[in-house]
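Comments concern the structure below.
What follows is calculated from the coordinates using simple rules that are stated; it is not laboratory data. Bear in mind the structure is a predicted one, so any value in this text is a computation, not a measurement. As a convention, Cβ positions derive from the backbone with ideal geometry for all residues, glycine included, and neighbour counts pool all protein chains shown.
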Amino acid sequence: MINELIFPKPDDMHLHLREDELLKVVSKHSAAQFGRAIIMPNLQNPIINSELAHKYYDEVKNHTKVHDFEPLMTIYFNEKLTLEELKRIQISSKIIGIKLYPKGVTTNSNKGIDSFNSGYKIFEMMEKLDIPLLIHGEVNDPNIDIFDREKIFIEKNLINAHKEFPDLRIVLEHISTKESTEFVKETSNNIAATITPQHLLYNRNELFAGGLKPHAFCLPVLKREEHRVAVLGAAISGNPKFFLGTDSAPHKKSEKESSCGCAGIYSALNAMEIYAEIFDRNNAIEKLENFSSKFGADFYRLSQNKNKIKLVRSSNKVPNSIKIDNGEVIPLLAGQEINWNCSAV
Ligand code: DOR
Ligand code: ZN
């Protein structure tokens, strides 16, 4: 039995840090475990250009000074991205890619794009400049069943876009379905996917277990068991196209426990311990290192982090809640025991 692992600091390839008080608290949680994280741009005023991304970068750095942590910024895909702006994005060492939200599919996506094909001109420039495209892969058609929105996005949009722009590197974020795992496996090495802890832990029953569970609500929404099993299979397969991205997305408790609760699960506090728990439960702990510290870096053409983390098998209770100035945030697995502890070496 493996009781201790030491490996290069992992990268969280999909993270929400928010602003102000939340940013101050949650950025430190990620910086304590991860060497780098890709920071999502869906703030209330989205990060729509390189100037805003550089400003946000400075704020994140400011809150994470004591750690060896590098935020990798993203730009919110928008139709105003000109060739000149894309060139600024390409040469910035602080910006890693552009995140596309179909309009209305999730938190702060009201400035996203309505029709996927309207992005083609920008995709073409991104392909030439070799700027990665990160996608929230769900259709925004309210007539499509919410459990089918990811699958239909692939069929309707992604297959064609990949054919049209085969050299464009695309990350299908937070995959939640069997169809996504198959699509990613079968396509070229320019297509990869991030996987969250919640999509490995739960199927959709969790949303209704003993009553309505707002803290299990995220987007893409949890799916049937066969999908969870497929996503888990992909994560522990050792296939480099699948890598860690927590999609840790803090919302105040009062905004989740509401008549119209926000989507998002906060996992950053114990992210590595939770992934270790999942891989271990599935007899795949030896697959955790590459999933966390290598495959994502390789896809983004980054070298692995120099510093290391240590994971030790020992009991660890996830807190019931995390205090912030004017409220609290409920973490994934709140109040539950897990069997791993993570520290920087
Ligand atoms: O559950 C989610 N929360 N999914 C997303 O795509 C966005 C995120 C957020 O920003 O809250
Ligand atoms: Zn996200």
Query raised in the report: Between ILE144 and SER321, what FRET efficiency comes out of the Förster formula 1/(1 + (r/R0)^6) with R0 = 41 Å and r the beta carbon distance, rounded to 0.05?
Result: 0.70
Query raised in the report: Å³ per residue of the Cα convex hull, for the range 238-345?
Result: 137 Å³
Query raised in the report: Given a Förster distance of 30 angstrom, what is the FRET efficiency for GLU19 paired with ASP114, based on the Cβ-Cβ distance and rounded to 0.05?
Result: 0.70
Query raised in the report: Can you put PHE242, PHE217, PHE291 in order, fewest other beta carbons within 10 Å first?
Result: PHE217, PHE291, PHE242
Report task. List SER293, SER118 from most exposed to least, where exposure is judged by having the fewest other Cβ atoms within 10 Å. Result -> SER118, SER293
**Report entry** Long pairs among LYS28/LYS121; LYS99/LYS151; LYS178/LYS308; LYS163/LYS252, criterion Cα-Cα beyond 29 Å
**Finding:** LYS28/LYS121; LYS178/LYS308; LYS163/LYS252
Report task. Give the calculated FRET efficiency between GLU124 and LYS287 to the nearest 0.05, with a Förster radius of 45 Å applied to their Cβ-Cβ distance. Result -> 0.80
Requested in this report: Could you list the residues of the range 138-153 with an amide nitrogen less than 20 Å from a label point located 7 Å from the Cα of ARG224 in the Cα-to-C-beta direction?
Outcome: 138-139, 144-153
Query - Relative packing of 104-114, 24-34, which averages over residues the other C-beta atoms within 10 Å, highest first - result: 24-34, 104-114
Report summary line: Contact order relative to length for the range 4-344, counting C-alpha pairs under 8 Å separated by 6 or more residues, stands in percent at 19 percent
Query raised in the report: In Å, the Kirkwood hydrodynamic radius of the chain over pairs of distinct alpha carbons?
Result: 20.0 Å
Query raised in the report: What is the order of ILE265, ILE285, fewest Cβ neighbours within 10 Å to most?
Result: ILE285, ILE265
